[in-house]
Amino acid sequence: MLLETINGPSDLRRLDHEQLGALAAEIREFIVQAVSSANGHLGSNLGAVELTLALHRVFNSPRDCLIWDTGHQAYVHKLVTGRREMFSSLRQADGLSGYPSRAESVHDWVENSHASTALCYAHGLAAAVKRSPNPDRHVVAIVGDGALTGGMAYEGLNNLGHSGSRVIVILNDNGRSYAPTVSRMSESLSRLRLHPGMMSARRRIETAVKDLPRVGNLAYSSLQGFYSAIREVIEPPVFFETLGVRYVGPLDGHDIAGMEQAFRQAAAFDGPIVVHVLTHKGRGYKPAEEDEEKCLHDTGSFDPAVGPTPSSRALKGYTLAFSQAMLELGEQRPDLVAITAAMPGPTGLLPFQDRWPDRFFDVGIAEQAAVTSAAGMAMGGLKPVVAVYSTFLSRAFDQTNLDVGLHGLPVVFALDRAGITGDDGPSHHGILDMALCLEIPGMTIFAPSSAQELKVMMATAVELSGPAVLRYPKTAARQVPPDQVGSGLCARRVRRGDGSVCILAVGKLLEASEEAAALLCAEGVEATLWDVRVVRPLDPEMVSDAGRHRFVVTVEDGIRNGGAGNYITDAIADLNASRQSPPVLNLGVPTAYIAHGNPERILGQLGLDGPGIAASIFKAIEHMGPERELAEIEVGTLGAPGPVDGNGHAGVDGRHSRAGTNGTPPSRAAGQHLGTNV
């Protein structure tokens, strides 16, 4: 097998084009097998095989900087840069990341799994390379057409053109992001116009015209006008060149020889240049090619002989509950509209789109645009629901705060994948949304603990006169009977204790808190347990009841500092201003970049499963004594089982003390990339 002989990019350069074709087929088979057992991103990597081989044959990584936007398409890059043996651990704890990872390889420059950023990285790297001892190095940004639906990409293009940076932009155009790309960019891009001979001839003509006696400048101006007129006749308006970026293409993104020639020509150009290549997402694997929704962009485990089954790809858990709630509410409210950022399938909005296509809006990979568009819709009398992943809301915090929050607009944010998400790693854990949204005045915040709660909360949220957020996890949703479902903005008391310990559980972690309460009961501690349901505004009855206990514990799967626990702690203190407040222990996610792994395992390592919560409470009780306050407990004595990984440590917070530590991610020595390689 040829693939077994490829241990680095230099091994690719000894192959002829017939061998490269055979290698491409082997790589596709390898990726299908790897993803079928470990789950991950399939379609985008199948489409980028020949493109990646051509890049590594022309450019000398890591001396030349290859920046992938987004990292979904970097599996082939990982294969040919010496990580073939690691694929058995793809997206598993302590194993191969599903995205580029600086900790894995010097060939990975950017830990990039959010779209539209590569061109700005490239602008900065090009500035550094230009000022380095080796200014002849190349900076190459590989950008999907979906990424060009994000505004940051255009900011990057503008800066590249303005500065004249020597950056080669490879536009990998497969017409899709997760779903079909929401853009007419591909339809209006011009045909191939760059050839060294043609450019040289044009420069000679321009020089000769300028040198004409007396009329040189006038003739030159006329020549430029002639060029513009010809462009308008034979091709669409030249968008890229208006920004000062030369354009080449489109090329066949599966023709290695053709791409190599274009890449070498582009590398000789002194300035920013876009090479536009057309690829087929899912190429070479029939189930991916026939998947109309997303070409198997991402998938769980499956039999590679037949591909993922319809049942394995069906909506599940909280996403299914949200999808059903949107259909029910859409029937009741003609003013209800749905907005997403290139993710109608993963957020559960495809059924809504099918039922009411004129009430559905996909803005592309542009969360900022989604939020401010929703603000405009709300101003006009509509009831918009913005459905995005929790991790992506942070890209639009300013718009959520000032365009929606400042105006007090009735926009509902449905945040899927909240909390610890698992195998996508630190860029996809949805742990910041609670802390961010608590900083927005007037934002109502719901945290459902079951599928039934989510539907009730959605119905409540769309009736509010101001903004609201529902945050729910990727994992399976609990199914509960009607007597275990709350209503309105009220909390729900799950069990009544003896006044010693009160546990206030947020969202998904109600189930773990119930297990912890049972463990406490087995040791003679009868804990009161509340399902918080609505983090803001807090239910006064719940806050008052918690304040009457000797010890209070809050539990959440979001960031601990500034999260729900801190907010609840302040509310208890305010309620008990005239007397001593009970000590409050906040359990949550530490301030750290947490690596990929099984979500339940990560929560266990953080002490956020049933035994971990119970252990933290037992330790607190042991250290308190009849007269002792939590403020007196020695820092570090209350902790979860231990560190999560090299990226951060588990721990818990008290109102007046910090227990445990917050780690920082391991990093290369300062300047290892720029200092050593540039």
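Take SER116 and tell me if it is free of Cβ contacts under 8 Å to residues at least 24 places away in the same chain, under 20 Å from the mean Cα position of the chain (by Cα), in the same structural domain as GLY151 (by TED's automatic domain parsing) and in a loop (DSSP other than H, G, I, E, B). For SER116, the condition - free of Cβ contacts under 8 Å to residues at least 24 places away in the same chain, under 20 Å from the mean Cα position of the chain (by Cα), in the same structural domain as GLY151 (by TED's automatic domain parsing) and in a loop (DSSP other than H, G, I, E, B) - is not met.
Within the set GLY284, GLY307, GLY317, the sole residue that is surrounded by 17 or more Cβ atoms within 10 Å (Cβ to Cβ), modelled with pLDDT under 70, over 22 Å from LEU171 (Cβ atoms) and of a type in the set (Gly, Ala, Ser) turns out to be GLY307.
Can you go through ARG91, ARG84 and tell me which one is within 21 Å of LEU51 (Cα to Cα), outside the structural domain of THR421 (by TED's automatic domain parsing) and surrounded by fewer than 24 Cβ atoms within 10 Å (Cβ to Cβ)? Answer to the selection: ARG84. One residue alone among GLU556, GLU600 is assigned to a helix (DSSP H, G or I) and within 28 Å of HIS428 (Cα to Cα), and that residue is GLU600. Of the listed requirements (1) out of contact with any Leu (no Cβ under 6 Å at 6 or more places or on another chain); (2) surrounded by 19 or more Cβ atoms within 10 Å (Cβ to Cβ); (3) not in a loop (DSSP other than H, G, I, E, B), GLY124 misses just one: (2). For region 370-403, filtering for residues that are within 28 Å of THR475 (Cβ to Cβ), touching a residue at least 40 places away in the same chain (Cβ under 8 Å) and part of a helix (DSSP H, G or I) leaves 8.
Yes or no: LEU406 more than 23 Å from the chain's Cα centre (by Cα) and closer than 16 Å to CYS437 by Cβ? So LEU406 passes the test. Any idea which residue in region 137-169 is farthest from MET343 (Cα to Cα), counting only those that are of a type in the set (Gly, Ala, Ser) and assigned to a strand (DSSP E or B)? In this case the residue turns out to be ALA141.
Screening PRO481 on (1) under 30 Å from VAL371 (Cα atoms); (2) surrounded by fewer than 16 Cβ atoms within 10 Å (Cβ to Cβ) shows it passes everything except condition (1).
Condition check ((1) surrounded by fewer than 20 Cβ atoms within 10 Å (Cβ to Cβ); (2) more than 16 Å from TRP109 (Cβ to Cβ); (3) out of contact with any Lys or Arg (no Cβ under 8 Å at 6 or more places or on another chain)) across all residues:
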site	(1), (2), (3)
GLN19	yes, yes, yes
GLU26	yes, yes, yes
GLU29	yes, yes, yes
VAL32	no, yes, yes
LEU51	no, yes, yes
ARG57	no, yes, no
ASN60	yes, no, yes
VAL76	no, yes, yes
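For region 464-479, name all the residues that are of a type in the set (D, E, K, R) and under 24 Å from ASP403 (Cα atoms). Answer for region 464-479, where residues must be of a type in the set (D, E, K, R) and under 24 Å from ASP403 (Cα atoms): just ARG471. Is it the case that LEU51 is touching a Leu at 6+ places or on another chain (Cβ under 8 Å) and either hydrophobic (A, V, I, L, M, F, W, C) or farther than 26 Å from LEU251 by Cα (or both)? Judged against the criteria, LEU51 is not a match.
Test LEU349 against the criterion of being free of Cβ contacts under 8 Å to residues at least 24 places away in the same chain and closer than 29 Å to ALA564 by Cα, and give yes or no. Considered against the rule, which asks whether it is free of Cβ contacts under 8 Å to residues at least 24 places away in the same chain and closer than 29 Å to ALA564 by Cα, LEU349 comes out as no. Looking only at region 415-463, residues that are basic (Lys, Arg) and surrounded by fewer than 24 Cβ atoms within 10 Å (Cβ to Cβ) come to 1 in all. A search for C-beta distances below 9 Å between a residue of region 522-547 that is on the phi > 0 side of the Ramachandran plot and buried (at least 20 other Cβ atoms within 10 Å of the Cβ) and any residue that is among the charged types (D, E, K, R) and in a strand (DSSP E or B), counting only pairs 6+ apart in sequence or on different chains, returns ARG533/ARG492. Scanning region 449-485 for residues that are touching a Ser or Thr at 6+ places or on another chain (Cβ under 9 Å) and either more than 14 Å from GLY317 (Cβ to Cβ) or touching a residue at least 40 places away in the same chain (Cβ under 8 Å) (or both) yields a count of 16.
Here is a check on your reading of the model: is ARG355 touching a helix residue (DSSP H, G or I) at 6+ places or on another chain (Cβ under 8 Å) and surrounded by fewer than 24 Cβ atoms within 10 Å (Cβ to Cβ)? So ARG355 passes the test. Figure legend. Inter-residue proximity from region 153-165: first residues at negative phi, second residues at pLDDT below 90 and charged (D, E, K, R), beta-carbon distance below 9 Å, spacing 6+ or different chains. Indicated pairs: ALA153/ASP69; GLY161/GLU241.
The values are calculated or read from the model by the stated rules, or taken from the named source; none is laboratory data. Only a predicted model underlies this, so the values are computations on that prediction, with no experimental measurement involved. Heads up, the Cβs are rebuilt from the backbone with ideal geometry, glycines too, and the neighbour counts pull from every protein chain shown.
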